[in-house]
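Take a look at the structure below.
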Amino acid sequence: MMSDKKILLTMRHITKTFPGVRALSDVDFTLRYGEIHALMGENGAGKSTLIKVLTGVEEMDNGEIYMDGIDHTIINRSPQEAQAIGISTVYQEINLCPNLSVAENIFIGREPKKFGRIDWKTMNRKAGDLLSNLNIHIDVSKPLSNYSVAIQQMVAIARAVDISSKVLILDEPTSSLDEQEVEKLFAVMQKLKESGIGIIFVTHFLDQVYKISDRITVLRNGCLVGEYETDKLPSVELVELMIGKEIDDLAKLRKEENDDNNGKKEIIVEARELGHTGTINPFNLKIHKGEVIGLSGLLGSGRSELARAVYGADKPDQGELYFKGKKLQVKTPLDAMKAGMAYLPENRKEEGIIEDLSVRENIIIALQARQGIFKMIRRKEQEEFADRIIDLLQIKTSGKDIPIKQLSGGNQQKVILGRWLLTNPDFLILDEPTRGIDVGTKTEIQKLVLKLAEEGKTVLFISSEIDEMLRVCNKIAVLRDRRMVSELKGDDLSQSNIMKAIAGGETGDE
Amino acid sequence: MNKIKHIWMKITGFSLFFPLLCLAVVLVINLIRTPDFFRISMNNGVLYGYVIDILNRSSELIILATGMTLVVAASGGTDISVGAVSAVAGAVCIYSLIGGASSDVYRIPYVLALVLGILAGTACGVFNGFLVAKLHIQPMVATLILFTAGRGIAQVLTQGFILYVRKESFKYLGNFLPGIPVPTPIFIAALVVILTILLLKRTSLGLYIQSVGVNRIASRLVGLNSSLIIFLVYVFSGFCAGIAGMIITSRVYSIDANNAGLNIELDAILAVAIGGNSLGGGKFTLIGSVIGAITIQALTTSLYAMKVTADQLPVYKAIVVVIIVAIQSPVVKRWMKAVRHKNALSGNRKKVKA
Ligand SMILES: Nc1ncnc2c1ncn2[C@@H]1O[C@H](COP(=O)(O)OP(=O)(O)OP(=O)(O)O)[C@@H](O)[C@H]1O
Ligand SMILES: [Mg+2]
């Protein structure tokens with residue numbers, strides 16, 4: 001039996017209300033030494049809030065927290081206090097300093113000193129070591145903002161892992177990681193677990209839960225559903241517990257096989273030697289109307305950068321772009337948008353949400369930007385648009401006029417996706433559109449993408465989950481070292497072929 | 001008990017609560033020290049009284065704070081050149097009107113001189129906007145250029161003299177229009193504020209400004225021209241400084257390049273802060289800034305009324321401002337939160353025992 005492990009942390013009767021929402025009601029949670037405990041639940045179930053209450057980011061209304069070795073209830077008023085008693089956390093929204101170097105971010109507040117001054121050499125060396133444990137090999141003296149979300153996530157993890165002494169909390173740490181990085185992370189988690197550290201792990205990936213966790217606590221609508229041992233809970237049941245009903249079989253989802261008549265179909269997007277110095281080498285790409293084309297590749301392979309060049313987020317400095325048969329000069333994203341493109345960036349916090357603006361404003365902002373300053377969307381219409389999107393994507397929010405930053409991570413993601421759907425684009429570039437979205441809704445969004453394609457819209461789809469790509473894409477372009485290396489379609493579309501192409505092996509195509 | 005707490009939360013959560021509270025405190029203290037503080041009387045066909053005086057004197061500040069609010073909201077920076085720019089605008093107006101020596105003869109129509117003055121202010125705004133939005137210079141540094149050079153430019157026009165316009169009608173703008181008992185600057189300030197609010201509410205400019213102020217990168221990706229919007233708010237701030245310059249020169253029917261609008265930029269920034277606006281940009285309330293401007297003027301006027309001399313004034317003002325800003329600071333807010341937390345906990349313990 002596993003339950004004979006000693007209890008490390010106990011949370012009892014935790015209640016937390018925000019104006020208009022009860023985020024947690026009477027939730028209990030128990031963490032033992034040397035276990036990996038998955039915290040599961042739909043978007044907005046209260047997972048992050050439970051973590052924030054524990055680590056002092058939010059104050060709870062009610063409840064008690066005990067930790068082994070401390071003979072009174074503990075209340076952390078800040079993450080620093082939590083850290084002092086041995087709890088380290090990677091929050092869902094990475095909160096590092098983009099302007100500081102990677103090494104500084106890892107050691108901020110506990111820099112190695114020599115003669116009273118920061119010992120840069122040691123700091124950089126140690127930071128490099130920590131990251132190479134996670135298989136990340138980058139220049140740690142460069143500012144953090146130079147790197148992708150995934151790398152930033154790894155930096156946050158490296159920092160937390162290094163600090164952790166008793167409890168390590170990871171809130172959706174793998175949401176933008178590829179399989180390789182996930183492997184590495186799991187190896188590190190396993191090592192920490194063996195040394196007796198208790199790990200709280202939040203994720204929406206069921207396979208990861210079953211691979212690594214010992215125990216699962218499920219939350220639904222801010223209430224505790226129960227605590228289960230992972231190997232005694234089949235995944236179908238877990239999903240039911242999370243959403244309170246059965247869901248459609250994921251495998252049922254099937255895209256239309258329309259590869260054959262592509263020859264006749266109109267070409268919507270054509271890139272000819274399009275490139276942006278420093279981020280993506282010149283590439284050629286043809287996308288037909290109604291197609292869902294995927295971009296795959298390792299971290300830093302240039303898949304996001306390719307998307308950015310097409311949309312003009314990074315203004316291409318080489319080659320040409322033809323959109324709907326006409327040459328398109330994109331000077332700013334507005335030009336691309338006016339032509340009928342939409343672009344959902346991968347970095348939700350930095351590039352997606354406009355955090356202090358309301359959910360309604362965040363939904364209508366792209367449409368309003370396209371209409372211009374003088375054609376203001378009437379308030380009533382704005383409300384209708386917001387209602388429509390909230391309804392379509394099942395966004396969980398206590399109102400349309402609360403700041404978007406008060407929504408749970410997955411719900412923020414739905415809002416910014418909805419923002420683009422509202423503009424009714426012909427061509428959507430979706431970079432990790434289901435990042436942080438729960439299992440039930442994820443299928444809904446994948447279905448939505450397929451439906452859009454059926455209606456004649458065209459989609460460029462990027463995801464670090466190959467499974468998801470196989471489910472929605474007709475064609476997958478693979479990138480390596482900022483270069484497009486191959487295109488897979490039809491029968492060649494398989495997990496193993498993609499993996500081979502990504503890693504640099506031979507493929508059947510091209 | 002809970003209900004009271006709820007209502008209390010609602011009131012304190014109201015964004016104008018704090019600015020109004022500050023103003024109320026200043027007014028109440030005045031009322032205690034000067035019982036006839038709120039008395040308004042009619043003398044020679046015009047209204048007199050502390051309240052009228054405060055509103056009148058705060059007009060320039062309100063106008064400058066209007067421009068400053070948008071600058072802060074969109075760029076998260078401040079325009080420290082507005083005082084000097086209003087001096088430039090005043091100098092351009094008077095120089096084009098009467099030339100390089102005090103006089104009572106107009107060279108060009110009065111209205112044209114006003115337009116030229118305001119245009120000069122706007123042109124300064126264009127310069128600032130270019131530096132900040134196109135060259136990406138820090139707002140403080142960019143506007144420092146005109147902050148220092150502005151008065152020099154005005155000096156060139158006045159050649160170091162104080163130029164007087166010896167014509168009664170020139171005073172109307174900064175004092176009273178014949179037959180109207182309310183000071184003209186109050187009308188002008190009200191007009192500027194109302195038109196700005198209409199502009200922000202009837203077009204999507206208000207939304208754009210907030211969006212760019214909150215997240216410039218995300219705003220660009222949804223199709224907003226972030227640098228154009230930032231450019232425009234600096235132009236608008238210059239325009240407001242131009243108008244303020246017209247009032248300032250008309251009040252004293254002269255231009256003194258060294259002293260016109262001196263230090264007023266600091267009051268304008270403070271007005272924005274006291275109004276409950278974050279100096280980091282983003283969401284803003286224009287009405288808050290207006291209340292902030294009136295509060296600052298009320299403070300100045302009441303300190304004078306308490307016989308504080310002009311050279312001591314900054315000290316007292318600084319003390320009050322430090323208190324006001326400190327109460328709104330995140331540290332104090334966190335501290336108040338901690339106190340609440342403690343109370344809540346002792347409440348819990350009681351419940352557990354019971
Ligand atoms: N600061 C806040 N103000 C108001 N409401 C909030 C705030 N933070 C969270 N909430 C609300 O609390 C609820 C729980 O949110 P939480 O972030 O804990 O969800 P989650 O389980 O982490 O979801 P996700 O999987 O999307 O990350 C949501 O309804 C959310 O809108
Ligand atoms: Mg969360």
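The values are calculated or read from the model by the stated rules, or taken from the named source; none is laboratory data. Here the structure is a predicted model, which is why all the values come from computation and not from measurement. Note: ideal-geometry Cβ built from the backbone for every residue, glycine included; neighbour counts use all protein chains shown. What goes into the accessible areas is simple: the full protein's heavy atoms, side chains included, and nothing from ligands, DNA or RNA. Shrake-Rupley method; radii C 1.70, N 1.55, O 1.52, S 1.80 Å.
Observations on the model:
- Checked against a 21 Å cut-off, the cross-linked pairs A:LYS289/A:LYS447; A:LYS265/A:LYS489; A:LYS414/A:LYS447; A:LYS5/A:LYS191; A:LYS396/A:LYS451; A:LYS331/A:LYS475 give Cα-Cα distances beyond that limit for A:LYS396/A:LYS451; A:LYS331/A:LYS475.
- Semi-axes of the equivalent ellipsoid for the range B:36-185, Cα gyration tensor, largest first, Å: 31, 23, 12
- Annotation note: chymotrypsin sites (Phe, Trp or Tyr not before Pro) in the range A:53-123 located in DSSP loop regions with a Cβ neighbour count of at most 14 within 10 Å are A:PHE115.
- Furthest towards positive pole of dipole, A:PHE201, A:ASN146, A:SER213, structure part the range A:2-243, Cβ charges: A:ASN146
- The mean sequence separation of alpha-carbon pairs under 8 Å and at least six residues apart, normalised by the residue count of chain A, gives a relative contact order of 15 percent.
- Three-way shape call for the range A:353-510 based on the alpha-carbon gyration tensor, with the a/c threshold at 1.5: prolate
- Using the Cβ-Cβ distance between A:LYS211 and B:LEU135 with R0 set to 56 Å, the FRET efficiency from 1/(1 + (r/R0)^6) comes to roughly 0.60.
- Cβ-based net charge around A:ILE462, under 11 Å, with every Lys or Arg adding one and every Asp or Glu removing one: -3
- For chain B, a Gaussian network of Cα nodes joined below 10 Å ranks B:GLU168, B:GLU60, B:GLU265 by mean-square fluctuation, and the top entry is B:GLU168.
- Ratio of Rg to Rh for the range A:101-228: 1.02 [Cα atoms; Kirkwood radius as inverse mean 1/r over pairs].
- Among the chymotrypsin sites (Phe, Trp or Tyr not before Pro) found in the range B:124-212, those both in a DSSP coil and sparsely packed, with 15 or fewer other Cβ atoms within 10 Å of their Cβ, are B:PHE161.
- Buried accessible surface for the B/A pair, both sides summed and rounded to the nearest 100, is 2700 Å² with a 1.4 Å probe.
- Share of alpha-carbon pairs per 10 Å distance bin for the range A:358-424, given as whole %: 23, 59, 17, 1
- Magnitude of the charge dipole for the range A:358-424, about its Cα centre and with charges confined to Cβ atoms of Lys, Arg (+1) and Asp, Glu (-1), is about 120 debye.
- Listed cross-link partners A:LYS47/A:LYS315; A:LYS16/A:LYS166; A:LYS193/A:LYS232 are compared with a 27 Å cut-off, the Cα-Cα value being larger for A:LYS47/A:LYS315.
- Point-to-point label distance, A:LYS265-B:LYS167, nm (Cα→Cβ direction, 7 Å offset): 7.4
- The simple Förster model, with R0 at 51 Å and r as the Cβ-Cβ distance, assigns A:ASP491 and A:ASP317 a FRET efficiency of 0.85.
- Efficiency of FRET from Cβ geometry, A:GLN394 and A:SER165, R₀ 35 Å, rounded to 0.05: 0.30
- Expressed as a whole percent, the accessible area of chain A that falls on carbon and sulfur atoms is 47 (1.4 Å probe).
- Cα-based shape type of the range A:2-243, given that a ≥ b ≥ c are square roots of the gyration tensor eigenvalues and the cut on a/c is 1.5: prolate
- Accessible area per residue was computed with a 1.4 Å probe on protein heavy atoms; B:PHE38 scores about 100 Å².
- Measure of compaction for the range B:113-233 (Cα Rg per 2.2 N^0.38 Å): 1.39
- Cα-based shape type of chain B, given that a ≥ b ≥ c are square roots of the gyration tensor eigenvalues and the cut on a/c is 1.5: oblate
- Reciprocal mean inverse distance between Cα atoms of chain A - Kirkwood radius, Å: 24.1
- Selection of trypsin sites (Lys or Arg not before Pro), the range B:73-166, meeting DSSP coil and at most 15 other Cβ within 10 Å: B:ARG107, B:ARG166
- A viscosity of 0.692 mPa s and a temperature of 37 °C, combined with the Kirkwood radius over C-alpha pairs in the Stokes-Einstein formula, give the protein assembly as shown a diffusion coefficient of 108 µm²/s.
- The angle between the Cα long axis of helix B:205-214 and the longest principal axis of the Cα atoms of chain B comes to about 60 degrees, rounded to the nearest 10.
- When the surface is traced with a 1.4 Å probe over the full set of protein chains, A:HIS137 keeps roughly 140 Å² accessible.
- Applying 0.36 nm per residue to the separation of A:ILE85 and A:ASN135 and subtracting their alpha-carbon distance, the gain on full extension is 15.1 nm.
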